[in-house]
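The numbers here are math on the coordinates, done by the rules we state, and not lab data. Note that the coordinates shown come from a computational prediction; the quantities given were computed from them, not determined experimentally. Heads up, the Cβs are rebuilt from the backbone with ideal geometry, glycines too, and the neighbour counts pull from every protein chain shown.
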Amino acid sequence: MTPPLPAIPTPTHRSSRLARLQQSTVVLTAFLVAVWLAWFWNGPGAVAAVGVLLLVFGYALVLALEFVAVHRVNRSDAVAAAGRLTLARAWWQEVRVALQVFSWRQPFLWRRCPDEAVPPAPGQTAVVLVHGFVCNRGLWLPWMRELLRRGMPYTSVNLEPVFGSIDDYIPLLDDAVRRAQALTGRPPVLVCHSMGGLAARAWCAATPDAHARVRQVITIGSPHHGTWLGRFSRVPNGRQMRQQGAWLVDLQSREAALTPANPYARFTCWYSNADNIVFPASTAMLPGADNRHVPGVAHVALAFHPRVMAETLAWVASARDADTPGREATRRPLRP
């Protein structure tokens with residue numbers, strides 16, 4: 001007889017300050033576009049069009065500067081650098097994806113597919129979705145829809161304060177892991193994008209029984225060794241992502257003390273040589289982990305790449321057949 005599942009705790013993400021901030025940004029942009037068009041209504045059409053493009057797609061210029069830096073920095077990296085044409089395609093890919101994520105899903109749709117609507121699924125393996133820097137659970141909307149379609153349980157987090165320390169997110173992850181295990185009675189898989197991978201590592205290092213509570217940690221474009229862009233950040237979690245920074249060095253020391261042999265044996269790390277946020281590309285890899293290269297894909301777009309999603313979800317679906325949680329998942333590749 002199957003024992004009853006424990007009561008499922010209530011999610012802690014009832015609000016999102018980031019969503020309100022991004023809503024304000026979208027509304028302000030729309031207002032500025034309206035003012036600009038009204039001002040130049042009877043003026044040169046080209047001037048009006050250029051102004052609108054700059055207001056709506058000005059972020060594309062920032063992205064272009066990031067890809068210029070990628071081109072220069074990755075030339076000295078151990079991972080083969082992407083060519084200029086590949087980076088140009090990745091830039092255009094990120095321009096489109098960023099608009100969907102930061103101007104629509106996160107500000108306006110972040111409450112969709114709520115965790116509390118996910119039914120219990122005894123015997124399955126749940127997914128804990130952990131977003132990255134300046135994001136909320138709305139990032140994962142395509143994943144949540146696919147998980148619901150497949151009948152696979154999940155929980156999620158809103159990592160706030162948005163510009164706080166990564167260590168502040170440990171209780172939020174602990175809550176999401178508890179809720180995920182309550183759905184199935186089994187240890188979940190953490191699927192983490194960008195800074196979310198560091199939050200997962202911080203949780204593992206601070207949780208004595210993390211090995212028993214989580215089957216696998218899958219990171220997507222996470223700055224495990226920091227990122228070149230981290231040197232420009234002035235906020236706490238941004239500074240913690242600096243290359244060879246004190247926080248990362250301390251995290252690695254704690255991980256080595258907890259698991260001296262191979263602290264990253266249960267990690268799978270997706271990375272790309274066209275990642276415009278986490279570069280050099282090798283910074284998204286971990287020694288001893290299952291490191292998987294998806295060439296030519298930008299940072300946010302990597303979270304929705306068909307191969308990343310398909311292989312990750314296929315592995316999670318097959319994990320229910322493993323006899324010992326975590327052990328078989330470490331040995332075999334993601335594709336079942």
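Some observations on this one:
- Taking amide H as placed 1.01 Å from N in the peptide plane, Thr219 has its amide H under 5 Å from the amide H of Cys192, Thr268, Cys269, Trp270, each at least 5 places away in sequence or on another chain.
- The phi torsions of segment 48-56, fed into the Karplus equation with coefficients 6.51, -1.76 and 1.60 and a -60° offset, translate into couplings of 4, 5, 4, x, 5, 4, 5, 5, 7 Hz, rounded to whole numbers, with Gly and Pro shown as x.
- Across segment 115-331, the mean sequence separation of Cα contacts (distance under 8 Å, 6 or more residues apart), normalised by length, yields a relative contact order of 19 percent.
- Sorting the segments 150-158, 188-196, 71-79 by their residues' average number of neighbouring beta-carbon atoms within 10 angstrom, most packed first, yields 188-196, 150-158, 71-79.
- The Rg/Rh ratio of segment 115-331, with both radii computed over alpha carbons and Rh defined as the Kirkwood radius, is 0.93.
- From the alpha carbon centroid of segment 197-234 to that of segment 238-272 is 7 Å.
- Using θ = phi - 60° in the Karplus curve 6.51 cos²θ - 1.76 cosθ + 1.60, the 3J(HN,Hα) couplings for segment 313-318 round to 5, 5, 5, 4, 4, 7 Hz; x is entered for Gly and Pro.
- Relative to the dominant Cα principal axis of the chain, helix 84-100 is inclined by about 80°.
- Base-10 log of normalised Debye intensity for segment 8-114 (one unit scatterer per alpha-carbon) at q = 0.11, 0.22 Å⁻¹: -0.56, -1.11
- With contacts taken as Cα pairs under 8 Å at a separation of at least 6 residues, segment 81-220 carries a relative contact order of 25 percent.
- In plain terms, the bigger the Kirkwood radius, the slower the diffusion; for segment 153-208, with that radius from Cα pairs, at 20 °C and 1.002 mPa s, Stokes-Einstein puts D at 185 µm²/s.
- Lys, Arg +1 and Asp, Glu -1 on Cβ, resulting dipole of segment 126-274 about Cα centre, debye, nearest 20: 340 debye
- Rounded to the nearest 20 debye, dipole of the chain from Cβ charges on Lys, Arg, Asp, Glu: 380 debye
- Extended-chain gain in nm, criterion 0.36 nm per residue less alpha-carbon gap, Ala314 and Asp209: 35.2 nm
- Calculated from backbone phi, Karplus (6.51, -1.76, 1.60) coupling profile of segment 252-269 in Hz, x at Gly/Pro: 4, 5, 5, 5, 5, 5, 6, 9, x, 5, 7, x, 10, 5, 9, 9, 10, 10
- Virtual spin-label span in nm between Val35 and Arg89, 7 Å along Cα→Cβ: 4.1 nm
- The chain - mean residue ellipticity at 222 nm from DSSP helices (-39,500 (n - 2.57) per run, n ≥ 4, rounded to 500): -13500 deg cm²/dmol
- Cα pair distances in segment 80-119, grouped into 5 Å bins until the bin that holds the longest one, percent each: 6, 20, 14, 14, 13, 11, 9, 7, 4, 1
- The slack between Val27 and Leu109, meaning 0.36 nm per residue of separation minus the straight C-alpha distance, is 28.0 nm.
- As a calculated quantity, the FRET efficiency between Phe57 and Val249 at R0 = 30 Å, using C-beta atoms, amounts to about 0.20.
- Anisotropy class of segment 261-312 from Cα gyration tensor, a/c 1.5 cut: oblate
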